[in-house]
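For reference, the structure is listed below as structure tokens.
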Amino acid sequence: MINFYVMDSNQANSNRSFSNKDNKILFEKIHLKHLRFFKIITISIYYNLLRFFRVVKKDVYISYIIIDNTIASYAVCYPKSFKYPFMGDDDYQIGSVYTDPAYRKKGYSALIIKNILHNINCPRTWYLTDSDNIPSINLCKKLNFSFNNHGLRSNDKFLSFLSIYKINK
């Protein structure tokens, strides 16, 4: 079971107050240059291919924090594609949120998602999480995402690049 959370642009505007005084938090289009980072190499290859074959019509973004020359935490911001038929054409979805175990419990996931909300301009921002992922659900609540509904992933989660997410009606 998947939980679907959503934030409309008015809610996102309240999260736009964001400070990046140390410039450690980056927000960039996914690009071939991201192949140099081992932790995000699969995401980078996958979305560069989808963009090349025009499966994804808009840019895919990544927000990440580098500490000691390694990515400590990252999240990817995806546009609508065949995987997310419930999304509006101009919506984005935050996913692939990850923090290295050595850097957890420091608020980095919240910082990178606030960075995305600060930089992305769209009517709605979606956040999907497994129903049993308590840290991710708590993060949604902390950032004022609204619970929308439960739903399902069409394929096995180990083949997530082919999965289609559907909201229960």
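The values are calculated or read from the model by the stated rules, or taken from the named source; none is laboratory data. Predicted model, so just to flag it, every value in this text is computed and none were measured. Cβ: placed from backbone, ideal geometry, glycine included. Neighbour counts: every protein chain shown.
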Would you mention how many residues in region 76-116 are within 12 Å of the chain's Cα centre (by Cα) and part of a strand (DSSP E or B)? 11
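Among the residues of region 78-93, write down those that are hydrophobic (A, V, I, L, M, F, W, C) and closer than 19 Å to Arg54 by Cβ. Outline the logic, then answer.
Step one: list which residues in region 78-93 are hydrophobic (A, V, I, L, M, F, W, C), which gives 82, 86-87.
Scanning region 78-93 gives Phe82, Met87.
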Residues being in contact (Cβ under 8 Å) with a residue 60 or more places away in the chain and either touching a strand residue (DSSP E or B) at 6+ places or on another chain (Cβ under 8 Å) or charged (D, E, K, R) (or both) - total across region 46-105: 5
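Determine, yes or no, whether Lys166 is in contact (Cβ under 8 Å) with a residue 24 or more places away in the chain and either surrounded by fewer than 17 Cβ atoms within 10 Å (Cβ to Cβ) or not in a strand (DSSP E or B) (or both).
For Lys166, the condition - in contact (Cβ under 8 Å) with a residue 24 or more places away in the chain and either surrounded by fewer than 17 Cβ atoms within 10 Å (Cβ to Cβ) or not in a strand (DSSP E or B) (or both) - is met.
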If Phe86 satisfies all but one of (1) at pLDDT below 75; (2) within 23 Å of Arg153 (Cα to Cα), what's the number of the condition it fails? (1)
Out of the residues in region 62-75 that are part of a strand (DSSP E or B) and either touching a Gly at 6+ places or on another chain (Cβ under 6 Å) or surrounded by fewer than 22 Cβ atoms within 10 Å (Cβ to Cβ) (or both), which is modelled with the highest pLDDT? Ala72
